[in-house]
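Take a look at the structure below.
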Amino acid sequence: MATLRLTIEDGQFRDNHGRQVLLRGINVAGDAKLPSTPDVPSHIADDFFDGDNVKFHARPFRKEDAHIHFSRLKRYGYNTIRYIFTWEAIEAAGPGKYDEVWIQHTIDVLRQAKEYGFYVFMDPHQDVWSRYSGGSGAPMWTLYACGLNPQSFAATEAAIVHNTYPEPENFPKMIWSTNYYRLATATVFTLFFAGKDFAPKAIINGVNIQEYLTSHYLGAISHLAKRLKEAGDILDDIVFGWESINEPNRGIVGNADISVIPKDQALKKGTAPTLWQAILTGSGRACEVDTWDMGGLGPYKVGRSLIDPHGEMAWLPADYDDSRYGWKRDPDWKLGECLWAQHGVWDPSQDLLLKKDYFGKHPKTGEALDHHKFINTYFMEHYRRYRDTVRSHHPDAILLCQPPVLEIPPDIKGTADDDPKMVYTPHYYDGITLMTKKWNRTWNVDVLGILRGRYLHPAFAIKVGETAIRNCFRDQMAAMRKEGFDYMGNHPVLMSEFGIPYDMDEKNAYKTGDYSSQSAAMDANHFAVEGAPMDGYALWVYATQNDHVRGDQWNGEDLSIYSVDDQTLPVSPVPRGLEANRSQTSLLKTPTSNTRSEVDDETSVNPGNLKRTLTNPSISSQPASLNPELTNTPGYRAAEAFVRPAPTAVNGTTASYGFDLKSCTFHLDITGASVPGDDQPTTIFLPDYHFPKEQCTVQVSGGKWEISTDDDERAWVQRLRWWHGDGKQSLRVTGLVRPHNSLSGSAEEAGYLEQCQAGYGFDVGKCAVM
């Protein structure tokens with residue numbers, strides 16, 4: 001039996017040498033949400049409803065370009081990829097029609113990921129169900145299968161879709177996420193997870209819509225896993241695991257009164273209908289609804305708006321011919337009528353709500369339903385089927401379980417579901433920063449604490465001051481980690497999404513080059529995942545087509561660490577030819593020489609091209625006041641905050657670690673546990689962006705260490721390797737300390753990093769953002 005690259009032992013990731021592994025990951029790539037043919041961002045309406053003919057053959061990027069992206073991410077210190085793909089990419093053409101070209105493309109790209117040594121787990125991604133209901137994920141035909149008409153979502157506001165919004169150029173920030181509470185997405189998620197109970201009349205091809213949707217979704221996953229298995233060198237060698245469906249949602253299940261907005265519906269932005277109002281407008285009725293906006297203190301009501309569909313319905317008309325998909329709808333499921341009216345929720349003849357609590361209790365048992373009940377019944381039923389489907393082709397797969405966002409995880413500790421090859425993968429975003437697009441250094445809120453009822457009043461959840469805010473982020477993530485242990489058992493916890501918006505302050509950074517707000521927010525988030533501490537994380541997101549005008553090209557989001565309009569991080573602060581391997585002890589190991597006949601973008605900086613590099617210097621945090629003539633000059637997109645040192649393999653167990661950006665200091669405390677006969681070091685990614693070998697200080701409690709740079713994994717990466725003994729051990733590394741007047745010397749004398757940084761708000765003497 002082959003040795004697995006990654007295993008789980010006693011709730012920790014371990015490599016094939018027995019070392020503890022930190023999965024330091026990135027989501028790759030945001031582009032995967034959108035088809036490559038036609039290659040259109042979310043605001044483009046051309047041929048949008050021709051959803052049966054879209055192709056994802058160049059997603060997440062062209063295989064010819066894979067080496068550029070993988071080498072870049074490797075140099076940023078990432079060892080893990082959350083590989084984004086959608087159900088739509090597999091099965092867009094219709095039920096059971098799989099896109100083999102996309103699958104082969106996926107195999108080819110994954111094989112290139114192996115050359116860079118990445119750990120990869122697969123992410124079946126969705127946002128508010130589908131692109132046709134304002135997000136990403138499921139094929140268009142799934143909405144038709146549910147009896148819905150996506151071409152009428154705009155008129156009825158059954159979903160807010162970017163390219164059908166009255167003014168796509170003014171699509172409100174983050175309004176797409178309100179679709180979870182509108183008719184289309186709320187209905188489809190209800191049918192996907194609980195259609196048998198709440199929509200027993202919805203029969204298609206002889207089975208309930210829940211089974212029809214689920215069996216096709218799992219069929220697509222099964223087919224992909226089968227093809228990856230047949231490739232022979234993907235599963236286990238490259239792909240170690242599969243995450244369950246991204247950010248699942250309960251739909252209307254558990255809504256105790258659909259005539260009011262639930263108290264736990266914290267997100268209210270734009271028109272905010274109750275589910276009852278959404279049902280009415282979905283059937284062509286006009287309704288006046290509350291309108292909300294999001295401010296620094298959360299949502300606030302701004303007035304009332306009339307939604308008038310002028311008789312247009314979100315449901316397919318009675319005479320609609322969808323026979324092209326090859327299904328047969330049961331006669332008792334009538335098109336041209338609201339599905340929920342057919343189940344007695346309301347009376348269309350009088351527009352009378354009959355069962356406001358229809359979704360609040362189990363239709364058969366009468367048991368009250370809430371978030372936790374949904375997760376432990378409907379969600380877990382689906383998760384088990386997903387797990388078994390994946391393992392039928394990938395027996396050693398690690399399953400990454402993702403319940404609904406910010407909810408208490410499933411209560412499975414000590415049960416048959418307490419799987420030793422399982423990981424808990426929550427998500428966390430600083431909602432205030434995400435919704436307001438501003439980094440508030442003054443105050444923030446303990447959102448998780450409020451949701452868990454830890455405060456007598458929400459006012460007590462306010463944290464004042466940047467230190468308190470950073471600690472608040474860390475404490476929320478630590479609480480999520482503890483919930484995983486308390487409810488699911490001893491499993492690794494991997495934060496598979498967190499991130500920041502780059503288009504803060506009305507995109508001021510794109511005009512001035514000053515990314516100080518982004519850097520502070522990014523550093524605070526990484527401080528949290530390091531301090532929690534998480535066993536792994538995947539930052540959201542890497543998008544290859546991000547630009548300053550439309551961000552990630554999807555719904556106005558702008559969270560990518562890379563942009564075509566910004567500088568990419570230089571590989572080293574000093575020319576490669578001037579570097580020398582450095583070690584405090586006499587070691588037999590020598591640095592790997594560069595024997596490649598060609599190098600990838602950004603990897604070669606030498607005296608010959610150094611001055612050219614300096615002709616347009618930039619850095620993330622460049623106040624315009626220091627250089628008033630500089631406008632529209634690219635920066636590094638807060639690279640100093642996300643390119644940070646981290647232990648990637650620990651010969652023992654990590655007690656704590658972290659990077660202090662202000663003092664440019666990295667610390668690592670471990671309990672060493674040497675493996676007999678296997679002299680494997682603890683290995684730390686040590687970015688020479690912060691830690692040039694010849695200009696950093698290393699302190700260890702014992703043992704020997706070396707700093708070296710090699711391209712063993714096809715990209716120049718600097719690492720610190722530390723051979724130590726058993727028991728408690730500690731390491732501390734202090735980074736670049738240089739005089740502020742470095743501009744007085746030549747580029748070759750001073751190194752080009754401080755040339756780029758001096759006077760731009762980056763204190764090279766302290767390696768800190770000012």
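The values are calculated or read from the model by the stated rules, or taken from the named source; none is laboratory data. Fair warning: this is a prediction, and the values are worked out from it, not measured in the lab. As a convention, Cβ positions derive from the backbone with ideal geometry for all residues, glycine included, and neighbour counts pool all protein chains shown.
Numerical summary
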| item | result |
| --- | --- |
| Segment 352-389: number of residues that are touching a residue at least 12 places away in the same chain (Cβ under 8 Å), surrounded by 12 or more Cβ atoms within 10 Å (Cβ to Cβ) and assigned to a loop (DSSP other than H, G, I, E, B) | 9 |
| Output for segment 26-58, where each listed residue is assigned to a helix (DSSP H, G or I) and surrounded by fewer than 18 Cβ atoms within 10 Å (Cβ to Cβ) | Asp52, Asn53 |
| Residue that is nearest to Ser130 (Cα to Cα) [pool: residues in segment 63-116 that are out of contact with any helix residue (DSSP H, G or I) (no Cβ under 9 Å at 6 or more places or on another chain) and charged (D, E, K, R)] | Arg82 |
| Failed item, numbered, when Thr274 is tested on (1) free of Cβ contacts under 8 Å to residues at least 40 places away in the same chain; (2) within 30 Å of Gly117 (Cβ to Cβ) | (2) |
| Some residue of segment 329-339 being of a type in the set (A, V, I, L, M, F, W, C), modelled with pLDDT of 95 or more and surrounded by fewer than 21 Cβ atoms within 10 Å (Cβ to Cβ) | yes |
| Residues that are of a type in the set (A, V, I, L, M) and over 24 Å from the mean Cα position of the chain (by Cα), drawn from segment 369-421 | Leu369, Ile412, Ala416 |
| Extreme residue, farthest from Leu23 (Cα to Cα), among residues of segment 502-517 that are touching a Lys or Arg at 6+ places or on another chain (Cβ under 7 Å) and crowded, with 24+ Cβ neighbours inside 10 Å | Tyr515 |
| Residue among Thr425, Thr415 that is surrounded by 22 or more Cβ atoms within 10 Å (Cβ to Cβ) and of a type in the set (S, T, N, Q) | Thr425 |
| Selected residue [among the aliphatic types (A, V, I, L, M) and not in a helix (DSSP H, G or I)] from Leu280, Leu335 | Leu335 |
| Residue satisfying condition, being in the same structural domain as Gly30 (by TED's automatic domain parsing) and not aromatic (Phe, Trp, Tyr), within set Gln126, Gln151 | Gln126 |
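Matching residues to (1) closer than 21 Å to Gly137 by Cα; (2) surrounded by fewer than 24 Cβ atoms within 10 Å (Cβ to Cβ); (3) free of Cβ contacts under 8 Å to residues at least 60 places away in the same chain:
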position: Asn179; (1), (2), (3): yes, no, yes
position: Thr187; (1), (2), (3): yes, no, no
position: Ala194; (1), (2), (3): yes, no, no
position: Lys201; (1), (2), (3): no, yes, no
position: Val207; (1), (2), (3): no, yes, yes
